[in-house]
Structures are given as structure tokens and as C-alpha cells.
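See below for the structure under consideration.
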Amino acid sequence: MVARPFQGATFKVLGIALLALLMLIPLAQVNGLIGEREGRAREATQRIAERWGAQQLLGAPVLVVPVRRQLLQDKVWTTVEEREYVLADRVSIVGKLAPELRRYGIYEAAVYTAELTIEGRFDVADVAALSASGAEPQWRRAELRVPIADVRGIRRVSPLKFGERELAFGPGTDGVATISAVSAPAPLDPSALAQTLPFSFTLTLAGTERFAALPLARETDVHLSSPWPDPGFDGAFLPATRRVGATGFEADWQVLDLNRPLAQHWRENDAIGGALAATAFGITLAQPAGSYQQNVRAGKYGVLFIALTFVAFFLFEVLRGLRVHPVQYLLVGLALCTFYVVLLALSEQIGFGLAYAIAAACVVMMVGGYAAVVLVARRAGLMLGALLALIYALLYGLVASEDYALLMGSMALLAAVAGLMYLTRRVDWYALAPAPAH
């Protein structure tokens, strides 16, 4: 009689490896479920933004003046009128963001109310340049436009002080490039212009998750502060100085016209929409390693930890002379996969940390108890449960660490392989396969 080949250790190892790979199927389903729930969370954030105020983008007032020119077309002189946009010489934006969390069902999003003070000045030379080359600015129809990404978030706005006058804002029929705006009529008398045209106003603006500013001046200074402890600085420019701590953050930006791909003034037919939006900079009220991001990270290590658990079972087989059926390996693998489903469901309700502890404890007790029966040894079950608990503790460290996850993971993998080599250094693998019968 010839021994059946699948009874050999080599084929047992190959079978276990195949089962570990089969676990990719339920893990892929779990990852798909995480993506679906994350999509619902984004939809919830959008619903909150629709009622509170979306991500905000704010710029300094832009002077808009209709200008008439004589153009020769087909040997006929024609009068053409188009708007020209003049940027400020200097602007200062000082804002304090009051953040809070708003819920929509089981989901929540970070929102804020920003108290903003905007002041600056226009250079008369920039304004007077509109009259060059025989152009005829329509000074009486000039207006100031303040770009605001989502005007629904405006809670309060003061009159705009422009020179010696106070101007009232109204809804803007046209924006600044592709960005919506509020506007105020600002008729000018070119014969009475001083060296500068100062402006100032205050604004209370509500938004969701992100606040950004546009460098619409020759020199733009922005100062933002908030008690939010985890700001994400993003956009075209990073802060020149910043302070971030447990009590919040403060940040200052200084942007010059030399730093941006925009001229100091442009015409309405110039295609600058994309270039203007690309100059935005600001902060995002980040929630570091959010629940869904942490679930995704945990899922990435799923196959690795299932494989390590299978290897631990196999070592008990080899070192203690026991036998575990492939169906029992499969049940253990499915139990390990349920950890990720339970983790996702609980983390939406009670937070990731506590959900992780509960899900891990359930799986450790379930697999440890099952192993004690399968391996016919309570001590073996306790040892396997302790090993699984250690694996989950390591996984939590990998998930929680944003900067050192790769380093920790590679070191843990190296230690696991070294441990396996040490434990099996005296195993005679050829002796594990039964000798052929004659």
C-alpha cells in the first residue's frame, strides 16, 4: 500500500496556505463593506454641509470696473465693454474658528463658525491704470466683490467701510472667476482719489471641515486660530509660523503676488478660474486616523494575521504530535474574519478604541476556547489565545500609528519569522510524512 500524498507535511502546509488565501474572499467583502459605510458617512457630511455651510473659500474684496474700449473690426470702429478686476495692494484676514461636531444619524462631521476681520487697501496707481490706452472706465458702476465659496454659510456681515463710506453688501449676480461672491456698489470719483483706498469689514461664516483663503492682494497676511487640536494645513501655501497643541492651534501665512500665478488685474474673458482656485490655502479640521481609515488599515493586515494564526495551529500539530482537520482551520479563519465585521459595526457606535477591544476579546476567547478542544489541551488553548491577544495588540499599534506603522509592521514580521525558525529548528520535516508501505 502506498501512502497518500496529501498525508505528508508538505501537502498539509500547501493546504493551509491555500485556506489562508481563500480568506481573501471574506476579507475583500469586509473591505467592500467598509467602503460602502464610508460612502454613507460622506453623504451624511454632505447633508450636514447643505444645512450648515460647505467647505469655505474666502478672498479679499476685488474691485470690478466696467471698461469701454474702441476696437477696429472689419474696418469699423466698435465700442466694446468688459469688466476688469483689480486686486488689493494689501490685505489682512484674522479669523477665529469655533469648531463643533454635528451628527446626521450615526455619522458626525466637524463644522465651525469663523469670526473674521478683513481689512486692507487698494493702491490708487492700480486703479488709475484702467484708464491706460484710451480706455474709458465706467467709474460710477464700479463694485466690490468678496468671493465666498458657499454664501449659505454667512451668518452675519457688517457694512463694508470703503474709504470714508460705508457700503451695504448684497447678493452677487456674478462671482469672481468661478467662485460665488457677495457684492457692494462702490462708485468712484477718479478726481477725488487719495493715495490709497482702505477697506474693512467683519464677517461671521459657517462651514464644514475646511476653511481656505485666496491670496487676492499684492501682499496677503492671514492669521487663524482655533481650539481644534488636529489641524491639517493644506493648499498652495503652508503657514510661515504655526503653533499646534492640545488646546488648539494658531497659524500665520504671508503670501506675495510673486508667489502666485495671477496678475494684479485681469479681464473677465481671461480664463483664470483654475489658476485662482489653485492658489487657495488654509486648514482642515482633521480627525486623525478616523474610524473608517482605521478599519481599512486593520483590514490590510488581515491575511497576515490569519496566516500567523494558522501557522501557530500547525506548530502545535508538529511539536505536540496532534492533528487538526482543514475544516477546523477554515472555521478558525472565518472566526478571525468576523473580527473585522464586528469591529466596523461597533466602531460606528462607540468609537474605534473600545470597539477594537471588545471585538478582539470576543475573537480571542472564541478561538482560544475552540483550540483548547481541538488540540485536546487546555494549556494549548490558553497559549494560542494569549498569542492571538498579542497579535491583536500589535495590530492595534499598527493601526493607531500614522508615522511608524510600516516600521513597526516590518519589525513584527521579522520577529515572527525569526520565532518560527527558532521553534522549528530541530524539526525533521521528512520524518513527518509517513514512510511508504510495501
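Consider all pairwise Cα distances in the range 212-279 and report the whole-number % of them above 15 Å. Taking all Cα-Cα pairs of the range 212-279, the fraction more than 15 Å apart is 57 percent.
Relative contact order of the range 17-132, taken over Cα pairs closer than 8 Å and 6 or more residues apart, is 22 percent. Think of the range 164-285 as having a plus end and a minus end, set by charges on the Cβ of Lys, Arg, Asp and Glu; of 245, 217, 284, 245 sits farthest toward the positive end of this dipole.
Remind me, relative contact order of the range 131-220 in percent, using alpha carbon pairs under 8 angstrom and six or more residues apart?
For the range 131-220, the relative contact order is 36 percent.
With the whole protein complex present, residue 223 retains an accessible surface near 50 Å², based on a 1.4 Å probe.
Normalised by residue count, the range 106-172 yields a Cα convex hull volume of 148 Å³ per residue. Across every pair of non-identical alpha carbons in the range 52-116, the mean reciprocal distance, once inverted, gives a Kirkwood radius of 16.7 Å.
Could you calculate the contour length gain from residue 133 to residue 242, that is, 0.36 nm times the residue separation minus the distance between their Cα atoms, to one decimal place in nm?
Extra length available between residue 133 and residue 242 comes to 34.7 nm.
Ordering 309, 202, 173 by accessible surface, largest first, gives 173, 202, 309; the 1.4 Å probe counts only protein heavy atoms, with every chain in place.
With q set to 0.08, 0.12, 0.16, 0.20 Å⁻¹, the log10 of I(q)/I(0) for the range 7-158, from the Debye formula over equal scatterers at the Cα positions, is -0.54, -0.78, -0.99, -1.20. The H on the amide N of residue 59, modeled in the peptide plane, is under 5 Å from the matching H of 214, each at least 5 residues off or on a different chain. Percent of Cα pairs in the range 141-267 per distance bin of 5 Å, from zero to the largest separation: 2, 8, 15, 19, 21, 17, 10, 5, 2, 1, 0.
The values are calculated or read from the model by the stated rules, or taken from the named source; none is laboratory data. Small disclaimer: the values here were computed from a predicted structure and weren't measured. Don't worry about glycine lacking a Cβ; one is built from the backbone with ideal geometry, like all the others, and counts go over all protein chains shown. Accessible surface areas use protein heavy atoms only, side chains included; no ligands, DNA or RNA. Shrake-Rupley method; radii C 1.70, N 1.55, O 1.52, S 1.80 Å.
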